[in-house]
Protein chains: 4
Amino acid sequence: MPIRILITGGTFDKQYDEIHARLVFRESHVGEMLRLGRCHAEVHLRTIMMIDSLDMTDADREAVVQNCRQCDETKILITHGTDTMVETARALAGAGGVEGKTVVLTGAMIPYAFGSSDGMFNLGSALSFVQVLPPGVYVAMNGRCFAWNDVRKNRQTGVFEAVSE
Amino acid sequence: MPIRILITGGTFDKQYDEIHARLVFRESHVGEMLRLGRCHAEVHLRTIMMIDSLDMTDADREAVVQNCRQCDETKILITHGTDTMVETARALAGAGGVEGKTVVLTGAMIPYAFGSSDGMFNLGSALSFVQVLPPGVYVAMNGRCFAWNDVRKNRQTGVFEAVSE
Amino acid sequence: MPIRILITGGTFDKQYDEIHARLVFRESHVGEMLRLGRCHAEVHLRTIMMIDSLDMTDADREAVVQNCRQCDETKILITHGTDTMVETARALAGAGGVEGKTVVLTGAMIPYAFGSSDGMFNLGSALSFVQVLPPGVYVAMNGRCFAWNDVRKNRQTGVFEAVSE
Amino acid sequence: MPIRILITGGTFDKQYDEIHARLVFRESHVGEMLRLGRCHAEVHLRTIMMIDSLDMTDADREAVVQNCRQCDETKILITHGTDTMVETARALAGAGGVEGKTVVLTGAMIPYAFGSSDGMFNLGSALSFVQVLPPGVYVAMNGRCFAWNDVRKNRQTGVFEAVSE
């Protein structure tokens with residue numbers, strides 16, 4: 001059962017521009033991460049955008065929804081910035097045409113390119129949750145999986161938690 | 001729902017002894033890996049042994065079974081060398097007293113201490129599968145999850161595959 | 001013959017603030033880098049400031065000069081941001097009281113904390129040049145050593161080159 | 001002034017064979033290390049052999065001497081296993097035809113491929129010492145440089161020290 005991976009950027013894919021000494025987006029690292037993870041699940045990658053999720057507009061979010069709606073796969077993993085991940089999850093849950101699919105959003109607090117990353121861990125986690133969870137929209141962060149309507153990012157700690165906890 | 005993590009060693013935990021220029025086991029890296037992965041799932045770690053799985057005896061394997069049988073948790077993740085992981089999975093499936101529990105074995109091809117590891121990816125993967133799969137014994141490797149009686153390690157490629165494929 | 005290491009910050013010591021998703025300075029990594037490099041040269045570390053060299057004021061630069069003037073050691077290594085390293089070298093060369101000492105400035109294009117760094121290489125290089133070069137002020141970058149008055153940073157490539165080349 | 005780099009293997013270049021779970025030699029990492037170090041010194045690389053220095057025979061050692069004797073460059077850096085580095089230095093010092101050249105041997109305690117390596121530090125160090133030291137045979141390890149006839153490896157600590165200390 002193939003898995004569609006939709007890439008939107010986020011901390012996951014930030015890297016360091018050594019000439020200008022700042023953080024930038026270039027190519028996605030997700031393909032390389034799957035290779036290093038020795039992933040042999042069947043995945044189809046598509047990069048939709050490569051942005052900080054704080055810069056994600058309604059039109060961008062609609063593009064994510066459209067991609068989920070139109071793809072053939074019923075298992076979808078989305079890499080996403082953590083700041084507005086929950087907002088995109090809500091947009092997906094409210095959109096028509098995604099009901100029968102399992103959609104899992106994940107991200108990272110540390111860019112993969114900066115070494116001691118949580119990205120590899122989260123990617124392995126999200127890819128596993130998406131294979132076994134029933135249809136619905138979920139956020140997979142910190143080794144846990146949350147329903148789209150019971151999750152928030154704690155801005156002080158950077159940790160995702162259930163609203164109901 | 002707390003998860004029991006049983007550590008047995010394996011490539012996961014191998015490190016380099018710079019004085020004697022050889023691979024050795026010392027302390028487990030699993031706790032540090034969970035910290036770097038920003039894991040906030042509730043886990044209870046126990047190191048049972050710290051060995052290469054090629055050196056695992058019947059008595060060692062029985063110790064693994066005993067730990068699964070006696071622990072309070074019904075979700076169990078075992079870090080294990082890849083060479084005899086399937087054999088230990090079989091021992092667990094055949095043992096009495098583990099039936100109601102979800103047991104997931106995982107490992108790595110590259111030691112965590114050597115950098116570009118598949119260990120972080122596999123740990124995130126196994127920790128996620130164990131949370132959602134029904135009772136049974138599984139092997140989680142290469143981004144996939146296999147039933148204990150439908151998996152083998154391909155010795156040429158180092159990749160786990162379904163026997164039925 | 002002990003070596004004084006004066007730390008001023010620069011890319012060398014930048015790290016990633018995962019809560020605010022930006023580059024920051026905290027503690028210096030130079031001590032840890034020397035430990036990982038298995039350095040057994042006798043060194044005395046002092047952190048003077050922890051800033052981006054673009055933010056270095058005349059007063060900051062004077063503080064660097066004062067530290068070089070007053071320390072007992074005649075071998076001095078300065079870690080420094082690359083953007084104004086040459087300017088600080090010039091200030092040192094023009095200041096009274098540093099004439100009898102060998103001063104080597106070095107830096108990095110990639111923060112040590114981001115992995116595939118040039119910092120370890122440059123630190124090993126600068127620490128070696130400072131031990132054997134005669135009194136004077138030098139810039140050690142890119143595996144080369146330049147006199148303070150024959151060096152510039154190429155802004156397009158990020159590489160240091162001799163003005164006379 | 002170009003620098004000849006002669007590669008003989010050693011811990012520097014060991015890597016992990018994930019299929020057979022053992023340490024092996026394949027291609028040298030020295031070129032990649034120079035690239036990551038942003039080295040712009042002019043260097044000419046030649047791989048003579050790719051072995052553990054404990055396995056180095058008299059014929060191997062003679063091949064190293066021959067390469068030093070015959071190359072055009074007067075600045076020579078040799079990457080070498082640490083266990084018999086001092087022995088090769090002695091062979092070089094005793095050989096005719098190398099007198100007018102500066103030869104620096106260096107190595108590593110941790111393979112470059114295993115991450116937190118001393119290799120980058122030592123490579124930067126040796127490359128710098130070789131540029132400024134007068135003709136002679138030296139060992140550059142641990143941020144220090146030793147004359148060939150006043151150095152030994154401490155087997156307990158793995159640290160190089162002067163015999164005269």
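The value given for the range D:16-64 is a Kirkwood hydrodynamic radius of 13.3 Å, derived from the mean inverse Cα-Cα separation.
Just how large is the dipole of the range C:48-88 about the Cα centre, in debye to the nearest 20, putting +1 at every Lys and Arg Cβ and -1 at every Asp and Glu Cβ? Dipole about the Cα centre, nearest 20: 200 debye.
Net charge of the neighbourhood of D:P135, taken over other residues with C-beta under 9 Å away and scored Lys/Arg +1, Asp/Glu -1, is 0. Pairing chains C and D buries close to 2300 square angstrom of accessible surface in total, based on protein heavy atoms and a 1.4 angstrom probe.
Annotation: amide H of C:V151 within the under-5 Å range of C:V163, sequence separation 5 or more or interchain, hydrogens built in the peptide plane. Taking the protein heavy atoms of the range C:1-73 in the context of the full set of protein chains, the accessible area attributed to carbon and sulfur is 45 percent at 1.4 Å. Amide H contacts for C:H44 (H built 1.01 Å from N in the peptide plane; partners 5 or more residues away or on another chain; cut-off under 5 Å): C:I3, C:R4, C:I5.
Got the relative contact order for the range A:1-101 handy, in percent, Cα pairs under 8 Å and 6 or more residues apart? The normalised contact order for the range A:1-101 reaches 41 percent. Karplus-derived 3J(HN,Hα) values for the range A:51-58, using 6.51 cos²θ - 1.76 cosθ + 1.60 with θ = phi - 60°, are 9, 6, 5, 5, 9, 6, 8, 4 Hz; glycine and proline are entered as x.
This model, with +1 at the C-beta of Lys and Arg and -1 at the C-beta of Asp and Glu, gives chain B a dipole about its Cα centre of some 280 debye. For the range D:136-165, the list of trypsin sites (Lys or Arg not before Pro) that fall in a loop by DSSP and count at most 12 other C-beta atoms within 10 angstrom reads D:R155.
When both bridge partners sit in the range A:57-146, DSSP labels roughly 25% of those beta bridges antiparallel.
Between D:I78 and D:L6, D:V104, D:L105, D:T106, the built amide H atoms are under 5 Å apart, and every one of these is 5 or more places off in sequence or on another chain.
DSSP beta bridges confined to the protein assembly as shown are antiparallel in about 35 percent of cases. Of the listed pairs A:K14/A:K75; C:K14/C:K153; C:K153/D:K101; A:K14/C:K153; A:K14/A:K153; C:K101/D:K101, which have alpha-carbon separations greater than 23 Å here? With Cα atoms farther than 23 Å apart: A:K14/A:K75; C:K153/D:K101; A:K14/C:K153; C:K101/D:K101. In chain D, the convex hull through the Cα atoms has an average projected area of 9.5 nm², a quarter of its surface area. Computed from Cα atoms alone, the Kirkwood hydrodynamic radius reported for the range B:31-127 is 14.2 Å. Only one residue of A:V139, A:Y16, A:S128 has its Cα farthest out toward the positive end of the dipole of chain A, where Lys and Arg carry +1 and Asp and Glu -1 on Cβ, and that residue is A:S128. Residue-wise HN-Hα couplings along the range B:59-69, as the Karplus relation 6.51 cos²θ - 1.76 cosθ + 1.60 with θ = phi - 60° gives them from phi, are 5, 4, 5, 5, 5, 5, 4, 4, 5, 5, 5 Hz; Gly and Pro carry x. Charge tally for A:M1 (other residues, Cβ to Cβ under 14 Å; Lys, Arg +1; Asp, Glu -1): 0.
The accessible-area loss of the range A:13-52 on complex formation, taken against its chain alone with a 1.4 Å probe, reaches 40 Å² or more at A:Y16, A:E18, A:I19, A:L23, A:L36, A:G37, A:R38, A:H40.
Only helices enter this figure: runs of n ≥ 4 DSSP H residues, each worth -39500 (n - 2.57), summed and divided by the residues of chain B, yield -8000 deg cm²/dmol at 222 nm to the nearest 500. The alpha carbons of the range B:71-165 occupy a box of 37, 27, 19 Å along the principal axes, longest dimension given first. If both residues of a DSSP beta bridge must be in chain C, then about 35% of such bridges are antiparallel. Residues of the range D:124-151 whose accessible area (probe 1.4 Å, heavy atoms of protein chains only) drops by at least 10 Å² once all protein chains are present, relative to their chain alone: D:G124, D:S125, D:L127, D:S128, D:F129, D:Q131, D:V132, D:L133, D:N142, D:G143, D:R144.
Projection of the Cα convex hull of the protein assembly as shown, averaged over all directions and equal to a quarter of that hull's surface, yields 31.8 nm².
Once the dipole of the range B:40-79 is set up with Lys and Arg at +1 and Asp and Glu at -1 on Cβ about the Cα centre, which of B:N67, B:L54, B:H44 lies farthest towards its positive end? Checking the options against the dipole of the range B:40-79, the answer is B:H44. Its Cα centre serving as origin, the protein assembly as shown has a Cβ charge dipole (Lys and Arg +1, Asp and Glu -1) of approximately 0 debye. Helix A:119-132 versus the longest principal axis of chain A: what is the Cα-based angle in degrees, 0 to 90, to the nearest 10? Result, in degrees: 10. Accessible area per residue for the range D:14-137 is 37 Å², calculated with a 1.4 Å probe on protein heavy atoms, without ligands, DNA or RNA.
The values are calculated or read from the model by the stated rules, or taken from the named source; none is laboratory data. Please read these numbers as outputs of a predicted model, since none were measured by experiment. Glycine also receives a Cβ, built like all others from the backbone with ideal geometry; neighbour counts cover every protein chain displayed. When the accessible area is computed, the model is the full protein with side chains, heavy atoms only, and any ligands, DNA or RNA have been set aside. Shrake-Rupley method; radii C 1.70, N 1.55, O 1.52, S 1.80 Å.
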